[in-house]
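Engineer: Dropping a structure here in structure tokens format, bear with me for questions.
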Amino acid sequence: MNRCQGKSGNTFTSRIWKGRDKLILDSYNRAFSYLRLSLLPVCNFRCVYCLPNGNPKEALHQSHLSRPEIRRLVSALAELGIRKVRLTGGEPTLRPDLVEVAKDISGISGVEKIALTTNGYRLAEQAHELKRNGISAINVSVDSLVQEKFAVITGQDRLPEILKGIRAAQDAGISQIKINVVVLKGLNEHEIGDFLLWSERAPIDVRFIELMPTKDNGEFFAKRHLSLGFLETLLPHRGWNRMEREETAGPADVWDKPGALGKIGLIRPYSTNFCNSCNRLRVTSQGDLQLCLFGKGNLPLRPLLQNDAQREELKSFVLCALGQKNFSHSLHEGDYGSTRNLAAMGG
Ligand code: SAM
Ligand code: SF4
């Protein structure tokens, strides 16, 4: 039986705001319009900061949400005001029914946008089909533009085919393509200039992501973490300007440059904007709601995804859970939460 107890006994403090658009607000008045849904916890890459030793045994044996469960989840959340769904993982393209999942979601009333985050490994063959089935935005992780270094960071010598996949996504007419770059001290920090040039010359947004600590990457984090604060000086020096934040913007600080075809985003978990602007719900591939990237404990939704008649109960549970969301993570106090790696919860 699912139970959600509010912070003060049974009362919960999240609510639905029924203005022009319906919105779920938490007790700090943050609006949640965005769902990050992990489709499966396993991956075929071994990124040094995420799964350096490959998939943990338990991930290989976990069952993931079925298509009907996903449909029920997204339909209920769309009724609460979720407008954008990002499919992630692990590696979402390893799921044989990815295209069908996208198609199911694209038919749900209220969902305005479906995005995908991928390591790009099947993009060259799948881009057109993904676009036809409702995916309009793709983030591809590319941590290096140097083939050997890419292989060292990801455990896969596949840079040329990943770049081919990105071109295929452009050809397919996917207009929003973002490149995720986790900046690593001594590994790829010297490539920042090359990524800036790429974004200037191609309609591609590059997002520099600061390395985040997880339960499993403590030693690696200590050695390779680089605060991205220095980019706030470097970017203006190179002609980039910080754009004004829209009220509904997520945690990235976005920069543009006159004449540049793409934009630059900075994702810095230690910066104040990161939590202030939190606008996303995360659901793992087993159907656990996670209120924070660095939180402790999951809230299982799967028991409430077994038939359509459970929709109202599911919505109440999510609202109650959101009422308990803390204002901020505790990274500054050295508390990384209970997530072993970001593949487990979808990044
Ligand atoms: N496999 C897909 C991919 O790599 O794009 C999707 C899942 S992956 C967990 C989502 C994003 O999280 C990727 O851009 C990845 O680089 C990022 N990521 C994973 N672990 C991270 C960490 N410890 N710190 C910062 N970003 C991380
Ligand atoms: Fe796989 Fe993505 Fe993690 Fe790399 S970051 S190991 S591609 S889940």
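We did not get these values from a lab; they are worked out from the coordinates using the rules stated. These numbers were taken from a predicted model, which means no experiment stands behind them. FYI the Cβ positions are ideal-geometry reconstructions off the backbone, even for glycines, and counts take in every protein chain you see.
Engineer: Looking at (1) surrounded by fewer than 17 Cβ atoms within 10 Å (Cβ to Cβ); (2) within 27 Å of ILE204 (Cα to Cα); (3) of a type outside the set (Ser, Thr, Tyr); (4) more than 14 Å from ligand 1 (Cβ to nearest atom), which is the only condition PRO68 fails?
Structural biologist: That leaves (2) as the condition not met.
Engineer: Right, next: So in segment 192-228, with the set limited to residues that are within 16 Å of ligand 2 (Cβ to nearest atom) and either surrounded by fewer than 17 Cβ atoms within 10 Å (Cβ to Cβ) or among the aromatic types (Phe, Trp, Tyr) (or both), which one is farthest from the chain's Cα centre (by Cα)?
Structural biologist: Step by step, filter segment 192-228, then rank; the result is PHE220.
Engineer: Need pairs with beta-carbon distance below 6 Å; first residue more than 16 Å from LEU289 (Cβ to Cβ) and within segment 328-347, second more than 16 Å from ligand 2 (Cβ to nearest atom) and in a helix (DSSP H, G or I); sequence gap 6+ or separate chains.
Structural biologist: Qualifying pairs under 6 Å: SER328/CYS275.
Engineer: Right, here's the next one. Looking at SER63, SER75, which one is of a type outside the set (A, V, I, L, M, F, W, C), at negative phi, surrounded by fewer than 19 Cβ atoms within 10 Å (Cβ to Cβ) and in contact (Cβ under 8 Å) with a residue 12 or more places away in the chain? Spell out the reasoning first.
Structural biologist: Numbers: SER75 fails: surrounded by fewer than 19 Cβ atoms within 10 Å (Cβ to Cβ).
Result: SER63 is the single residue among SER63, SER75 that is of a type outside the set (A, V, I, L, M, F, W, C), at negative phi, surrounded by fewer than 19 Cβ atoms within 10 Å (Cβ to Cβ) and in contact (Cβ under 8 Å) with a residue 12 or more places away in the chain.
Engineer: Kindly establish whether ARG207 is outside any helix (DSSP H, G or I) and among the basic types (Lys, Arg). Steps first, please.
Structural biologist: Numbers: outside any helix (DSSP H, G or I): yes; among the basic types (Lys, Arg): yes.
In short, yes.
Engineer: Return the total of residues in segment 79-113 being part of a strand (DSSP E or B) and within 15 Å of ligand 1 (Cβ to nearest atom).
Structural biologist: 4
Engineer: What is the number of the single condition among (1) in contact (Cβ under 8 Å) with a residue 24 or more places away in the chain; (2) surrounded by fewer than 18 Cβ atoms within 10 Å (Cβ to Cβ); (3) within 16 Å of ligand 2 (Cβ to nearest atom) that ASP97 does not meet?
Structural biologist: For ASP97, the exception is condition (3).
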